[in-house]
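> Here it is: the structure, laid out below.
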Amino acid sequence: MNVSEFEQNSRLMYDAWNRQDVEAVLERYTDDLVYRDPSTRGPVEGREAMRRYLSKLFAAWQMRWTTREFHLFEGGEGVAVLWRATLRPTGGDRQVEIDGMDLVLMEGTKVKRNEVYFDRALLAQTLTPQQTA
């Protein structure tokens, strides 16, 4: 994958995530995907597991993602992406901006492995005083 191909794939991926469209997100991944983030308690493996995870995630959070910068791996088979997300619990009035990083391994134009890194403690800022008591 070259820079132009990555930028196109990235736009499609972020568009799907920002619309919170489960099926459109899944189209960006291989069938045998492996996904991890600080909320998954281990890897999410395969399309059906990812569908279940995304359905719960999108029901719980309103999200907006943007790329800050990216670094393609030599050979174009992966990328490190630095991003910013605005997150708000569904029905909540508090939101938080979080910076994070994804380690992404590609198979052609689809994501085979995606590891997400961010400080999950920052999500506590979205809790109301009653939720923290």
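> Just give me the residues in the range 73-89 being more than 16 Å from residue 13 (Cα to Cα) and more than 13 Å from the chain's Cα centre (by Cα), in sequence order.
73, 74, 75, 76, 77, 88, 89
> For the range 90-100: of the residues being at pLDDT 95 or above and surrounded by 15 or more Cβ atoms within 10 Å (Cβ to Cβ), which is farthest from the chain's Cα centre (by Cα)?
98
> Is it the case that the range 102-110 has a residue that's in contact (Cβ under 8 Å) with a residue 60 or more places away in the chain and of a type in the set (Lys, Arg)?
Yes, the range 102-110 has at least one match.
Matching residues to (1) closer than 21 Å to residue 3 by Cα; (2) in contact with a helix residue (DSSP H, G or I) (Cβ under 8 Å, 6 or more places away or on another chain); (3) polar (S, T, N, Q):
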| residue | (1), (2), (3) |
| --- | --- |
| 65 | yes, yes, no |
| 74 | yes, no, no |
| 77 | yes, no, no |
| 84 | yes, no, no |
| 98 | no, yes, no |
| 107 | yes, no, no |
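> Could you please let me know if residue 82 is loosely packed, with under 15 Cβ neighbours inside 10 Å, within 21 Å of residue 123 (Cβ to Cβ) and among the aliphatic types (A, V, I, L, M)?
Spelling it out, residue 82 is indeed loosely packed, with under 15 Cβ neighbours inside 10 Å, within 21 Å of residue 123 (Cβ to Cβ) and among the aliphatic types (A, V, I, L, M).
> So which pairs qualify, if the first residue must be in the range 112-133 and over 14 Å from residue 86 (Cα atoms) and surrounded by 16 or more Cβ atoms within 10 Å (Cβ to Cβ), the second must be among the small types (Gly, Ala, Ser) and modelled with pLDDT of 90 or more, the Cβ gap must be under 7 Å, and the two must be at least 6 apart or on different chains?
Qualifying pairs under 7 Å: 116/100.
So that you can scan it fast, the table gives a plain yes or no per residue for (1) at positive phi; (2) open to solvent by less than 30 Å² (accessible area, probe 1.4 Å); (3) touching a residue at least 40 places away in the same chain (Cβ under 8 Å):
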{"site": "26", "(1), (2), (3)": "no, yes, no"}
{"site": "33", "(1), (2), (3)": "no, yes, yes"}
{"site": "39", "(1), (2), (3)": "no, no, yes"}
{"site": "55", "(1), (2), (3)": "no, no, no"}
{"site": "60", "(1), (2), (3)": "no, no, no"}
{"site": "76", "(1), (2), (3)": "yes, yes, yes"}
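The values are calculated or read from the model by the stated rules, or taken from the named source; none is laboratory data. Everything quoted here is computed from the prediction, not taken from an experiment. Every residue, glycine as well, gets a Cβ built from its backbone with ideal geometry; the counts of neighbours run over all protein chains shown. Protein only, heavy atoms only, side chains kept; ligands, DNA and RNA dropped before computing areas. Shrake-Rupley method; radii C 1.70, N 1.55, O 1.52, S 1.80 Å.
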